[in-house]
Structure formats: C-alpha cells, structure tokens
1. As a footprinting exposure proxy, order 66, 153 by other Cβ within 10 Å, with the fewest listed first.
2. Calculated FRET efficiency, residue 307 and residue 371, Cβ-Cβ r, R0 22 Å, to nearest 0.05?
3. Label-point separation (nm) for residue 532 and residue 96, each offset 7 Å from Cα along Cα-to-Cβ?
4. For the stretch 294-347 and the stretch 177-213, compute the distance between their C-alpha centroids and round to whole Å.
5. If each residue's Cβ is checked for other Cβ atoms within 10 Å, how do 386, 292, 524 rank with the fewest at the top?
6. Using the count of nearby Cβ atoms within 10 Å as a rough guide to exposure, how do 63, 169, 271, 535 rank from fewest to most?
7. Along the Cα→Cβ direction, 7 angstrom out, place labels at residue 132 and residue 70. What is the inter-label distance in nm?
C-alpha cells in the first residue's frame, strides 16, 4: 500500500523535505520515466497547474519551499492559473489566485481559454469535456513555449481512491484499477508539436538484419520474400541502398502528480499551518450532483463496507500495478522469441517472425485452469498490441486488449496444418509471408512470418495535410544578399505516423519570374494515377539535371518504389503535391519519406518550378523502443537531439 516514509508533523502538515522525498521516489519508480527518452533525472523546470483549492495551493507552497531551502539544484517553477471564462467572476478569481502565488514568490501566469468555434461557455453542451480539452491544450502550449517539460498537478491519495472506486463501479479491471498514474503523457493534446510526444528527435540504430531482404506482393495480395544472399536481385545504381536507422520523434510534456501518497487532510493542514490561502468549492461536496461526489460522501461518512474503504482500495491499486508489471515482463519474454527481419519506417512496414507456441491437446485443455488460459491469452494480446503500435496510425492504447485477443490466438497458437490468412488489427494489416527461396516449402522458422504494414485507407477517407505559402515577390529579395527567402511551416502530424515540416525558398530574381498568386502544397497518400504522371515527367526529363542533381529514370524510380514500398504499401506513403492559384492541376513534387537519387533529405522532385525550392523535414512518430530491442532489431539509441521550432 502506498504510504509516506516519514511521518507528517503533528498537525498533519507536509514539510518540504517530505515532499522532496516523495517527489523523487515517485518519479524514479515510474515505468514511463525509466524509459530511455525520459531518462534525464528528476525534472528541474516545473510548471504547476493551480486552481486555487487546497490541493494545488499546497503543491505550490511545497514547490516554493524546495526553492527557498535549495533542496533541488537548478529548480525553476512557473505556476499557471486557467481562466475558463465560464462565469462572470472567473477572471476575478483567477487574478486573486495569481496574486496569492506571487505573494509566495512564485512566477505566476493566467491562461485565458479561447472558445473559438464554440458557443459561449454557458451554452456549450458537455461543458466539462470541452473545458478539459481546452485547459490541457492551454497548459501544454504554455509549458512548451516556456521550455517546461513537466507539468505538476495536485491530485492526492483521496482522488486516487475515488477514481478507482468509480472505475470499479464502471466494470473496470486489470490496468483500469491501477489508480491515477503518477507520471503520464499530457492528454487532449494529440497533434500539437512540442506538446504531445514531439519536439525532440533521436536516432534508433539498427542491427541491419536482412539488409537485402526484398518483398513482393502479387495480384492476389499474397506476400513473398527473397534475399540477395540467396538470389541475385537487380538494384538501380541511381538509388543507393539506404541504411535501416530510424529517426523518431521524442519529447513532449509529461504530467506529474507527486502528492498521490498524501491524503487530502495533509494538504489542508499544510495550507493552514503555513497560512497559505485557498478556496473551497461547495459543489464538490454535494452528493446529488455527480457520481464522484456521491462516492466522496460515502467515503467521508464511513458508510462503505471495509473492502471498499481507502486502505483496501489502496491495496487493490498496488496489487493491480504488480499484476500489470508482471504481465509486461511476461510479454517481454514472448517478444524475445519474436524476430524482426526488417523494419522500414520510411514506408511504414516490417517483417516479423512470430513464435508458434505448442498447441494444447484435449487433455491439457480439460485440465488447465480457465483463468490460466485466459491470462496466457491476455499476455499474447498485450504482446500483439505492442508490436502493432510500432506501425499503427492510431495513438498508443487506442484499442483495448480485447480487440487483439482473437488475432493473438490465431497468430501464436495456430496448429501446423492450419492455413494462414491475412488479418487486420489496430490499423495494421498482417500478411502471411512466404520465403520463395524455400522452393515452395515453408520452413518451420518461416511458418509464422508476417509482413506488417498500415492497413489500406478507406475510400474517401484519405489523410490530407494542407500548407499554403504566399506568392513571393521581387520585394522579398531586395534586402537579402543571396536573393532568397526561406519560410518554414509548423510541424504537423500526418496520418498519426509522420511529423512533417516544409521549407520553402523563393528564388525571385525579377518581376517576370514571379508566380501568379499563392501556392498550396498538400500532403496526401500516393495514388495509382500519380505513378503515371510521375513516370511521364521523369521520362520527359531523362538525362537532364535539376538544381539538386540528376533526376532518376522512371525505371529507377519504380525500382526504388518496389524495394521501399512494395505492392499496395506504396499507396500509404505521403506524397507532396503543389497547386498554384492560376492552375488547379496538382503536380507531384516529392515522395517525402522515401529515398531519391538527387537529394539527401529524402525528397524526390519532378519538374520543379524554378521560382521555388521546396524541401521537407520529417520524423517517424514516437514509438516504444523496447519491443524493437527485444525482437533483435535495435542496436543502440543516439542521444536526443533538439529540433528547430
């Protein structure tokens, strides 16, 4: 059961030293902060989410005391007070709380919510849902802009108990009964660069397994593989082999709750003993308003049975955490038996050989405990989800484990004679892969090998990302010695898989060379019709050079595409197209993530307008490197590198 290692004062107030002890302990013990991309020690640049209640005001006081007593070197604290603009008095209340914080000696800011595109807050349906989203986005953006990586919140032990009881009443189990996490990624901010799982980059160095592996998907959608070590494979000299290293996005804002081991009574006592002002919201204690209030009332009046009182619920939380950690360890053992033969983040696919677990015979099935069978299936489902999330176009844990169970049964427990069929789960299609070098016979080690890639798009539901640049003019270049002007777009998330930013340089020499009107760039999936246009343009320019070097031949381009994005996988890669206001036709410019012969940035250009130079920067989404390491692909992780804003 969670507890405080040092006793509080007689009044119940928390000292700065006690707070620091729990602050460091909870951070170090979190699985998320133990992951490689957060292994930078306890945070020093802190943001505080302050509402004015006793919980958050106690948090502000304790953080300030850590500063004053110099308990943590280099500590910087900024408090944020959100003005929801929901009531006439909300702005005045926000100013009052900000004044209290500044009187403590803290740097404090008010964040005013903007209800753009919504009705007035008083008229919005599901107000709490909208307010929560706007609040976290405002806090996350403010932290990013201030260079803060960690946002502290004042949730405490009572909140943890109430939340778990509510989830228990709602039918939750397993991970749903782990309580409030002490460390978590900021919610409601998906797609905000520098706020949600982005803002930094790092390089995953591969072991270069099966570097020359080639994949072919035939007209029947059957996948086959060959290797140059067994069969000579033609390779265009125009397009050199790419290494398997992967640049991925990292960073973003973490939510940290260092007060979860303290009951609310300790926080109220801390405020009272130290003359810290706070406000009470009477609606929080009206049991008729919300189910959460009803649970709070039952807990405060000791009307719940012993098994549902705080000590029992806290024990349940700890047991649930232990079970989840054990499940992850068991999943790790299964991942060690899986092998990645190729991982291609440029086109979003990989080849994985899964272990074929021995099938159970009838006697084993009759004698095996049902809960043990169920647990084994859950471990396999967890493993399948972790593998799928490396390529999935959905946020982490978007699907419950139940969505993976029937496919895990098929993948890990198929009998020897059972035919393998493609299946789709978690936004990823699994295609059985036949090794053509085996002369039509599937070796035991290849029997359970699959090609994984993003599932095909639904018709009329293609991911579209638009960028628009103003038309450059001669005036743009008058004050530049190089007669060029560079404009950067914001980083944007495409298909939940690639962070993309464009860099546009205008090459205006005089008024006669100025395009008419703005130019719009669109990132969308490659389409079959695009291939004909690209090959036509490449044939037209064959043997010529553009400003970046030689353009490949159409055959060289198709060879590259077959190697990097075989079969229908090519129609899930991002294509950059341009359209000027005076011409509605789209012109393919670049397959943004695929290699080309004429640029080092992974951009292939086709008939580029001489007034423009368009380049692209991209990174793969944030992924958990642990499965890559356990499955034998990951060799090392390079230090995190900052990206330009």
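What follows draws every value from the coordinates through simple rules; no lab data is involved. Keep in mind that this is a model prediction, so the values were computed, not measured. Positions of Cβ are backbone-derived with ideal geometry, glycine not excepted, and every protein chain shown enters the neighbour counts.
1. 66, 153
2. That pair, residue 307 with residue 371, gives E of 0.60.
3. So the two model labels end up 7.0 nm from each other.
4. One Cα centre to the other: 21 Å.
5. 292, 524, 386
6. Ranked by crowding around the Cβ, least crowded first: 169, 535, 271, 63.
7. Output for this residue pair reads 4.3 nm.
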